[in-house]
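Please read the structure below before turning to the comments.
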Amino acid sequence: MQKKKLLIGNREISWLYFNERVLQEANDKRNPIIERVKFLGIFSNNLDEFFRVRVATISRMIDIKNSPKLITGYTQEELLEKINSIVNKQQKEFYKIYDEIKEELKENNIYVINEKQLNKRQGEYVKKYFRDYVRRYLFPILLNKNFDFTTLKDKSIYFAVVLSKKDNSIPEKRALIKIPTSSVSRFLILPKLGKRNYIILLDDVIRYCLDEIFSVLDYNQLDAYTIKITRDAELEIDDNISKSFMEIIQESVKQRSIGKTVRFVYDKEMPNDFLKYFTKNLKINKKDYLSPGGRYHNFKDFISFPNPFDKSLENPILPILSHKQLLDCKSIFSEIKKKDILLTFPYQSFQYIIDLLREASIDPKVVSIKMTIYRVATGSNVINALINAVRNGKDVSVFMEFQARFDEQANINWANKMQDEGVKIIDTFPGMKVHSKLISIRRREGNGYFDYVNIGTGNYNEVTAKTFSDMSLLTVDKGISKEVNKVFEILEADIFKVPYFEHLIVAPIDMRSKFRELINSEIRNARKGKYAEIIIKLNNIVDEEIIEKLYKASQAGVKINMIIRGTCVLNPGVKNLSENIKVISIVDKYLEHARVLVFYNGGNQKFYISSSDWMTRNFDHRIEVSCPIYDDDIKEEILDFLKIQLQDNCKARIITKDNKNLYNKRKEDEKEVRSQDELYKYFKKLLK
């Protein structure tokens with residue numbers, strides 16, 4: 001067990017220290033002040049999802065009697081206690097940073113005030129706004145013994161209100177009000193006073209007007225305390241064979257809304273008897289699920305903190321760059337035919353993918369389009385282009401993943417819309433997610449057909465492509481395109497077929513074995529005295545078998561550089577174990593999402609981009625695709641990309657087994673390298 005403890009860190013704890021890096025960005029005064037506010041929102045949103053998924057899973061394990069210890073030595077109960085200890089510490093830091101940011105906002109003439117700080121003129125403005133825009137969405141409920149607590153919605157915030165008479169002449173009542181953040185902005189900008197700008201939260205607008213809400217009742221003391229519940233978001237998949245998988249997912253999504261409470265966040269000023277009332281009725285019998293906080297919850301809304309005041313308080317919006325090969329091109333197909341193209345988002349435009357689909361939809365030579373979809377934007381132009389292709393007589397098939405967490409219902413709705421328009425929707429695989437990002441467009445040319453394919457590391461989502469850093473390959477290479485179509489054959493087959501892949505690496509078929517062999521090859525070269533190196537860029541690395549293989553590579557003398565944004569349970573820099581492994585994590589204005597792998601291979605380097613992280617679920621329970629890069633110019637571009645990131649001495653943190661999250665600080669003779677800024681300059685320079 002001691003060896004295992006040394007080898008493998010804990011996944012949940014590692015993730016919490018990733019989220020701490022997000023919190024560090026909120027505290028980093030090199031970031032513009034509005035960006036720091038947004039990072040508070042990202043931190044809060046991340047934490048909510050962590051409780052909905054990871055803590056919910058731990059909670060389920062606790063309910064299983066005699067559940068085994070985790071590989072890291074914790075019992076489930078001990079792990080939950082450790083998680084809450086870390087979260088409570090981070091939450092204290094969160095509120096400290098928020099208070100500091102509010103003071104710094106004042107230095108920029110932005111004042112975030114509450115209902116008690118309104119002057120008469122501001123109060124009148126708030127009252128009018130409340131009557132005109134807010135009141136229509138408020139439906140207070142007087143709490144009684146018949147109230148159904150399963151109706152409390154996950155991800156929502158509520159006011160728990162105590163109504164009383166100051167002279168105690170009538171018994172107090174309790175009420176509940178849902179804050180309508182989905183219908184009204186969380187922030188109200190008040191009229192300026194001189195140079196000062198004022199913002200009040202929707203919560204405090206409602207607090208200021210509580211007397212109007214309950215005016216028909218004879219109470220003169222109204223106290224509101226914010227509460228929020230987080231429910232278990234794991235789906236219960238019914239195995240009823242009489243239903244379609246789409247129906248099963250829809251019913252499971254509905255059940256999610258009444259899932260077990262795994263976290264109850266409340267205003268710490270709430271009276272103790274009122275708190276007990278909620279914990280009893282929500283059946284919260286563990287203190288681990290209780291989280292005392294301030295008067296504001298759901299800080300995720302701060303991602304949209306308003307700034308009509310001074311654009312210098314935000315990151316400048318940089319023009320999205322063109323790709324040198326696609327400048328003023330008449331046909332994307334003709335350019336792909338000439339040479340492979342690698343698009344790197346958000347530096348280069350995602351619009352090229354939409355343009356490719358649009359061109360395919362009207363090109364008389366195109367006969368079919370096949371595509372996998374995991375997540376798309378609201379009002380997706382990608383799906384609009386596919387529907388347009390059907391209307392123009394193309395054969396369009398789409399694998400829409402109904403199990404994409406929190407996008408299940410949206411994907412079902414899109415699938416129904418496409419199906420109504422004539423798109424063939426490929427049935428899903430129960431128990432196995434399709435996470436690969438693939439497009440195959442068949443075009444009639446001469447006496448035959450060419451397949452133009454796209455393989456990416458991220459979703460076909462034009463909105464997130466503006467902030468997610470991903471790579472996307474366009475190629476007509478016959479080996480790759482043939483095997484992309486093999487993946488679609490797997491998806492369309494009645495039974496799961498296992499074809500042979502020479503070019504692509506495909507999970508769950510051969511991804512584990514092929515990456516294991518690529519690492520073994522580096523080990524053999526190192527033992528022969530040859531130079532051996534691996535560069536790995538992923539979101540998460542968790543799989544125990546692969547990690548132990550990397551340890552063996554380190555012990556053999558293989559140099560391993562890793563860029564891991566999120567969870568990393570590998571312990572780098574341990575003498576006689578992982579001293580040749582260096583891990584950094586970059587958290588900055590763009591979300592690092594690309595998965596890229598480079599193996600030195602005795603000097604004949606092998607490059608891959610991938611949809612897959614190195615987690616057990618990705619290797620064994622998902623259909624994932626890693627694609628080789630054959631074009632020498634693109635190889636050089638990827639290597640430049642990775643070198644710039646590995647040199648980051650502004651936003652990179654050095655990952656160690658003790659999770660200190662120390663910045664990779666530059667030495668005196670080094671120039672400052674903020675990799676995301678340097679990459680923008682790099683891609684801009686390529687255009688020249």
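Computed from the coordinates by the stated procedures, all read-outs in this text should not be read as laboratory data. Bear in mind the structure is a predicted one, so any value in this text is a computation, not a measurement. Don't worry about glycine lacking a Cβ; one is built from the backbone with ideal geometry, like all the others, and counts go over all protein chains shown.
Numbers below:
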item: Whichever aspartates and glutamates have a C-alpha closer than 19 Å to that of Lys660, once near sequence neighbours (fewer than 8 apart) are set aside; result: Glu12, Glu20, Glu25, Asp28, Glu93, Glu579, Asp588, Asp648
item: Selection from Tyr277, Ser322, Val367 lying farthest towards where the dipole of region 257-373 points positive, charges on Cβ; result: Tyr277
item: Spin-label pair Asn114/Leu639, simplified geometry with 7 Å Cα→Cβ offset, distance in nm; result: 5.9
item: Cα centre as origin, Lys/Arg/Asp/Glu Cβ charges: region 505-686 dipole, Debye; result: 400
item: Sequence-distant residues sharing a close amide H with Asn197 (under 5 Å, placed H); result: Ile110, Tyr111
item: Helix 408-420 axis, angle to the chain major axis (alpha carbon atoms, nearest 10°); result: 60
item: Note, ³J(HN,Hα) from phi for region 499-514, Karplus 6.51, -1.76, 1.60, rounded to Hz, x at Gly and Pro; result: x, 8, 10, 9, 9, 6, 10, 10, 8, x, 6, 9, 5, 4, 5, 6
item: Region 618-688-region 336-397 distance, computed between alpha-carbon centres (Å); result: 28
item: Beta bridges per DSSP with both ends in region 2-313, % antiparallel, nearest 5; result: 75
item: For Ile426, distant residues with modelled amide H under 5 Å away; result: Val398, Phe399, Met400
item: Highest to lowest packing among 162-174, 445-457, scored as the average C-beta count within 10 Å; result: 445-457, 162-174
item: Cβ-defined net charge surrounding Gly456, 14 Å radius [Lys, Arg +1; Asp, Glu -1]; result: -1
item: Length added when fully stretched, Asn416-Lys173, from 0.36 nm per residue minus Cα-Cα; result: 82.8 nm
item: Signed unit charges on C-beta, dipole axis of the chain, positive-most listed residue Ala175, Ile480, Asn220; result: Asn220
item: Test item: Cα-centred dipole of region 44-126, Lys/Arg +1 and Asp/Glu -1 on Cβ, debye; result: 200
item: Sparsely packed trypsin sites (Lys or Arg not before Pro) within region 312-383, loop by DSSP, other Cβ within 10 Å at most 11; result: Lys330
item: Spacing of the two label points (7 Å from each Cα toward its C-beta) at Asn447 and Lys688, in nm; result: 5.0
item: DSSP-defined beta bridges in the chain - what % are antiparallel, rounded to 5; result: 65
item: Gain upon complete extension [Asp395, Arg295; 0.36 nm per residue less C-alpha separation]; result: 30.5 nm
item: Pairs from Lys514/Lys549; Lys339/Lys685; Lys82/Lys657; Lys153/Lys178 whose Cα-Cα separation, in the structure shown, is over 18 Å; result: Lys339/Lys685
item: Set Lys38/Lys89; Lys530/Lys606; Lys552/Lys575; Lys589/Lys681; Lys96/Lys268 screened for pairs whose C-alpha atoms are more than 22 Å apart; result: none
item: Label-point separation, Lys339 to Ile320 (7 Å along Cα→Cβ), nm; result: 2.3
item: Dipole magnitude (debye, nearest 20) for region 2-313, charges at Cβ of Lys, Arg, Asp, Glu; result: 240
item: Cβ-based charge dipole, the chain, positive-most Cα from Ser156, Ile199, His621; result: Ile199
item: Of Lys330/Lys486; Lys437/Lys497; Lys478/Lys688; Lys370/Lys417, pairs whose Cα-Cα distance is over 21 Å; result: Lys330/Lys486; Lys478/Lys688
item: Whole-Hz ³J(HN,Hα) from phi, Karplus 6.51 cos²θ - 1.76 cosθ + 1.60, for region 378-395, glycine and proline x; result: 5, x, 4, 6, 4, 5, 4, 5, 5, 5, 4, 4, 4, 4, 8, x, 7, 8
item: Cβ-defined net charge surrounding Ile141, 15 Å radius [Lys, Arg +1; Asp, Glu -1]; result: +4
item: From the coordinates shown, log10 I(q)/I(0) by the Debye sum over Cα atoms at q = 0.06, 0.08 Å⁻¹ corresponds to which of (1) -0.52, -0.87; (2) -0.39, -0.70; (3) -0.73, -1.20; result: (2)
item: Region 343-444: chymotrypsin sites (Phe, Trp or Tyr not before Pro) in DSSP loop, at most 15 other beta carbons within 10 Å; result: Phe406
item: Computed lengthening from Lys145 to Asn384, 0.36 nm per intervening residue step minus Cα-Cα distance; result: 81.1 nm
item: Loop trypsin sites (Lys or Arg not before Pro), region 391-484, which have at most 16 other Cβ atoms in a 10 Å radius of their Cβ (DSSP); result: Arg405
item: Global form of region 78-229, assessed from the alpha-carbon gyration tensor, a/c cut-off 1.5; result: oblate
item: All aspartates and glutamates inside 12 Å of Lys643 as judged from Cα atoms, apart from same-chain residues fewer than 8 positions distant; result: Glu678
